[in-house]
Every structure is written in structure tokens, then in C-alpha cells.
Amino acid sequence: MQTVKLLGISGSPRKRGNSRYLLERVLAAADAAAAGRVETDLYSFAGKKIGPCVSCFRCEDLGDCATRDDFQELRDAWLAADAIIYSVPVYHMGIPGQVKCFIDRLGNTLCVEEEGDISKPLKVVGVVVQGDCIFSGQEQVMVALINHAVLMGCIPVAGDPWQSYLGAAGWTRQDLGQDSLRDLYESGEADAKVAVAAAESLGKRVAQTALLIKAGGAACRDMLAADGAYGLFLSRLQSRGPQPG
């Protein structure tokens, strides 16, 4: 039986907060949708140090980033996962700086490792974005993260309309508190309920899609191996078991 690893990444510097709250709802929904077939893990940027790419190009010789910080830990977790959920706050109508630093270094080091081309890892990627204002860049950040997924040879997945078109989005009604979304949801506030519903449908669809892709990959292993572009994906498949037909 195929199983998948789902890595949830909270891109907020807060130990707890609105991004983490929505991410926890995503992971719980994923686990409920595929009980026994999905292993979830949560990585938080809180307290982590991930610096920017300094364009030293030493990764061309090392095969990894020369800057030693918490990047390597998250990179290894990202590579091992079958699916990724990014849950981030909006910063200046964009991706938080620490998350952008990780994305930059991830792409650069994998390009080196794959000799100029990033192998298609076929990871399923979902995005959750929240901010304090209703129109503060949520969809813009979603598009940037979806572009990152496509560039990395991954497969972006949304939840179910009408709550989710690109991913899950929320706002805290200009409340900067760490538990704003949770409090709004528990009070029955309409927009918070939409954000949670979108997050939960996203978790469900990401888990299900990852299972479908991994099962399909196992069935088409020989074809993918002959292509040569799917090394990272094939490395995650379980050892060969009973084959279809």
C-alpha cells in the first residue's frame, strides 16, 4: 500500500500564530482524508536562521549550499516529502523574506545537483496565505508560491471552490494578535470560517492527489526510469511490490 509524506511549512517567525493555526487545520484534514496512508510533519520557521543566497556559486563545487545554517535541515525534509503545504503570512504584499531565502537556495542547489536541470520530483504543493487586511496581497503571494512549485517540477493543487481557487486565504480583520484567526473562527465570524474551510479542503485534496500520483508512478516506474527526468520522484517510491496486471 502506497503512503505519502506530507510536510507542512509554517513560514511565520512566530512560534504560534495564524499561519500555524491554518496549517494545523490543513494537516488534520489531510490525515482524516487519508487515515493510515499519510504521514504529516510540521516545520516552523520560528527560531530558525536561513540566510539569503549570496551568489558565491560554491554550490557548483560542493553540490550543496556553502552557507551553513538551518537551510540544510529544511532542504532535506523538503526532498523527502511527497507533498508540501506552505502556510505563510503576507509581508509587504509578498512572500516573507525568510521563506524567499529558502526558495532561492533550494532552487540553486538542486540545479547544481541535477547538472543544470531540476529533475521533476512531482511533489504536490498547496499554499495557505493570511494577512491582517482583506486585500493585502494574499492572491499575489499564492501565485508566487505556485510559480515556485511549477519551476521546481512540482504540481500545485488547490482546495474546492468556492472557498478555494488557488489555495486557502484568510485575513484577521486588522487584528495583529497571534490567535486572531482562531478567535474569529470560534466566534463564528464568516470570513474566518471560509478560510478554515478552504484550508481543510486543501489538505484533503493535496493528500489525495499525492497518493494518486505516487500510485501512478509505481505503476509506470519503468517508463519514468527510461525518461531520465524523474530521478527525484523515483527515489521516493517504495521498493517494487506487486505490479498491476
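Of all residues in segment 205-235, those satisfying the criterion of being crowded, with 19+ Cβ neighbours inside 10 Å and among the basic types (Lys, Arg) are Arg205, Lys214. How many of the residues in segment 119-157 are assigned to a loop (DSSP other than H, G, I, E, B), among the aliphatic types (A, V, I, L, M) and in contact with a strand residue (DSSP E or B) (Cβ under 7 Å, 6 or more places away or on another chain)? Count: 3. Screening segment 169-196 for residues that are of a type in the set (A, V, I, L, M, F, W, C), crowded, with 21+ Cβ neighbours inside 10 Å and in a helix (DSSP H, G or I) and picking the one that is farthest from the chain's Cα centre (by Cα) gives Leu184. For segment 181-197, the set of residues classified as touching a residue at least 40 places away in the same chain (Cβ under 8 Å) and either out of contact with any strand residue (DSSP E or B) (no Cβ under 9 Å at 6 or more places or on another chain) or not acidic (Asp, Glu) (or both) consists of Leu181, Arg182, Ala195, Val196, listed by residue number. Any residue that is within 24 Å of Ile118 (Cα to Cα) and not β-branched (Val, Ile, Thr) - is there at least one of those in segment 134-144? The answer is yes, given that some residue of segment 134-144 is within 24 Å of Ile118 (Cα to Cα) and not β-branched (Val, Ile, Thr). Looking across segment 20-48 at every residue that is among the hydroxyl-bearing types (Ser, Thr, Tyr) and in contact with a Ser or Thr (Cβ under 8 Å, 6 or more places away or on another chain), the one that is nearest to Leu6 (Cα to Cα) is identified as Tyr43. Are any of the residues in segment 69-89 part of a loop (DSSP other than H, G, I, E, B), under 19 Å from Ala149 (Cβ atoms) and not hydrophobic (A, V, I, L, M, F, W, C)? Yes, some residue in segment 69-89 is part of a loop (DSSP other than H, G, I, E, B), under 19 Å from Ala149 (Cβ atoms) and not hydrophobic (A, V, I, L, M, F, W, C).
Per this entry, Ser44 is not counted among residues that are under 30 Å from Asp175 (Cβ atoms) and buried (at least 22 other Cβ atoms within 10 Å of the Cβ).
Values quoted throughout were computed directly from the atomic coordinates according to the rules given, and no laboratory measurement underlies them. The structure presented is a predicted model; accordingly, all values stated were derived computationally and were not measured. Reconstructed Cβ throughout: ideal geometry from the backbone, glycine too, with neighbour counts over all protein chains shown.
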